[in-house]
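Structure, as structure tokens:
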Amino acid sequence: MRIDVVTIFPEYLAPLDLSLIGKARRDGILDLHVHDLRTWTHDRHRTVDDTPLGGGAGMVMKPEPWAEAFAAVLSAGREAQGADAHPLIIFPNPAGAPFAQATAQDWSQREWLVLACGRYEGIDERVYEHLADQGHEVALVSLGDYVLNGGEVAVLAITEAVVRLIPGVVGNAASLVEESHSDGLLEYPLYTRPASWTDPAGTVREAPPILLSGDHGRIAAWRREQSRRRTRERRPDLLPADDEGPAPLG
Ligand code: 6GU
């Protein structure tokens with residue numbers, strides 16, 4: 001997969017050299033290119049923003065540097081990926097559609113993503129219109145209902161969520177099947193040795209005995225019930241409206 005990131009803070013993306021994403025790059029699974037938007041400015045101050053037309057607080061990103069950036073990045077990408085390569089152009093934006101595990105699954109199968117980091121109040125709306133007119137697929141996505149200062153942190157999150165789903169990036173493919181959100185529920189509680197642990201306050205804490213029983217059928221049933229209970233408590237919005245909850249006693 002090729003990923004291009006356009007930002008005014010290229011240093012913000014330095015963590016993409018680390019850990020699993022860094023390894024995917026070194027292994028040739030991920031071809032990541034980070035670009036400084038100011039490359040495509042032409043004034044002494046390398047200006048990328050201006051005041052909002054119509055008035056109001058804050059600053060808006062000017063369309064010209066973005067249009068030049070996309071022309072250059074898309075042309076270099078086509079050079080590398082082949083003339084018929086089609087990028088998905090992604091704008092992290094608090095006003096976007098929710099980014100979820102299903103989005104990550106979908107995007108992990110694309111050959112080319114272009115992630116464009118807005119800052120300030122946002123990017124001039126005509127940039128999106130221009131890209132759509134050029135026939136490009138454009139997506140605006142949000143990480144959740146809160147506001148970040150720019151798209152960089154969202155790009156770190158989106159890149160990690162997507163790249164770890166590419167075959168060969170996470171060593172044990174089975175761990176991708178069992179984790180939270182992969183089946184629409186939160187993951188069950190996890191335990192490791194020692195089965196009996198005395199915490200620093202002196203309390204003896206036993207792991208659930210069923211996990212030591214060796215009965216894989218009963219363990220799977222227990223985990224499913226734990227997943228459902230945890231999801232009902234923490235994220236009832238994820239459950240079907242008709243979910244019954246635990247059967248009443250007696
Ligand atoms: Cl994707 N961008 C920004 N700027 N703020 C956000 C966000 C994205 N998701 C939640 N807040």
### Query
Do any residues in the stretch 49-67 that are touching a residue at least 60 places away in the same chain (Cβ under 8 Å) and closer than 18 Å to A116 by Cβ have Cβ atoms under 9 Å from those of residues that are outside any helix (DSSP H, G or I) and of a type in the set (S, T, N, Q), where the two are at least six apart or on different chains, and which pairs are they?
M59/T51; V60/T51; K62/T41; K62/T47
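Quick grid of which residues meet (1) under 18 Å from W107 (Cβ atoms); (2) in contact with a strand residue (DSSP E or B) (Cβ under 6 Å, 6 or more places away or on another chain); (3) not in a strand (DSSP E or B):
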position: I3; (1), (2), (3): yes, yes, no
position: V6; (1), (2), (3): yes, yes, no
position: I29; (1), (2), (3): yes, no, yes
position: T39; (1), (2), (3): no, no, yes
position: P65; (1), (2), (3): no, no, yes
position: A69; (1), (2), (3): no, yes, yes
position: E79; (1), (2), (3): no, no, yes
#### Entry: Of residues in the stretch 152-170 being touching a helix residue (DSSP H, G or I) at 6+ places or on another chain (Cβ under 9 Å) and of a type outside the set (A, V, I, L, M), the one farthest from V48 (Cα to Cα)
G168
### Task
Six or more apart or on different chains, Cβ under 8 Å: which pairs go from a residue in the stretch 114-127 that's in contact (Cβ under 8 Å) with a residue 24 or more places away in the chain to one that's within 11 Å of the ligand (Cβ to nearest atom) and part of a loop (DSSP other than H, G, I, E, B)? Could you list them?
L115/G151; A116/G151; C117/G151; G118/G151; R119/N149; R119/G151
### Which listed residue is more than 16 Å from the ligand (Cβ to nearest atom), touching a Lys or Arg at 6+ places or on another chain (Cβ under 8 Å) and of a type in the set (A, V, I, L, M), from L32, L74, L88
L32
### Task
Could you figure out which of (1) touching a Gly at 6+ places or on another chain (Cβ under 8 Å); (2) surrounded by fewer than 17 Cβ atoms within 10 Å (Cβ to Cβ) isn't true of P92?
(2)
### Query
Of (1) under 22 Å from A102 (Cβ atoms); (2) of a type in the set (A, V, I, L, M); (3) at pLDDT below 95, L249 satisfies all except one. Which?
(1)
### Task
List the number of the failed condition for L16; all other conditions in (1) in contact with a Ser or Thr (Cβ under 9 Å, 6 or more places away or on another chain); (2) touching a residue at least 60 places away in the same chain (Cβ under 8 Å); (3) loosely packed, with under 14 Cβ neighbours inside 10 Å hold.
(3)
### Query
Across the stretch 80-135, what is the number of residues that are closer than 28 Å to E178 by Cα and among the hydroxyl-bearing types (S, T, Y)?
2
### Task
Taking the residues in the stretch 128-142 that are more than 8 Å from the ligand (Cβ to nearest atom) and small (G, A, S) as candidates, determine which candidate is nearest to S75 (Cα to Cα).
G135
### Query
Residue check, D145 against (1) within 12 Å of the ligand (Cβ to nearest atom); (2) surrounded by 15 or more Cβ atoms within 10 Å (Cβ to Cβ), all met but one. Which one?
(2)
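Take V114 and decide whether it is away from the ligand (no atom under 12 Å from the Cβ) and either under 14 Å from the mean Cα position of the chain (by Cα) or of a type in the set (V, I, T) (or both).
yes
The values are calculated or read from the model by the stated rules, or taken from the named source; none is laboratory data. In this text, all values refer to a predicted model and were calculated from it rather than measured experimentally. Please note: Cβ atoms are built from the backbone with ideal geometry, for glycine as well, and neighbour counts cover all protein chains shown.
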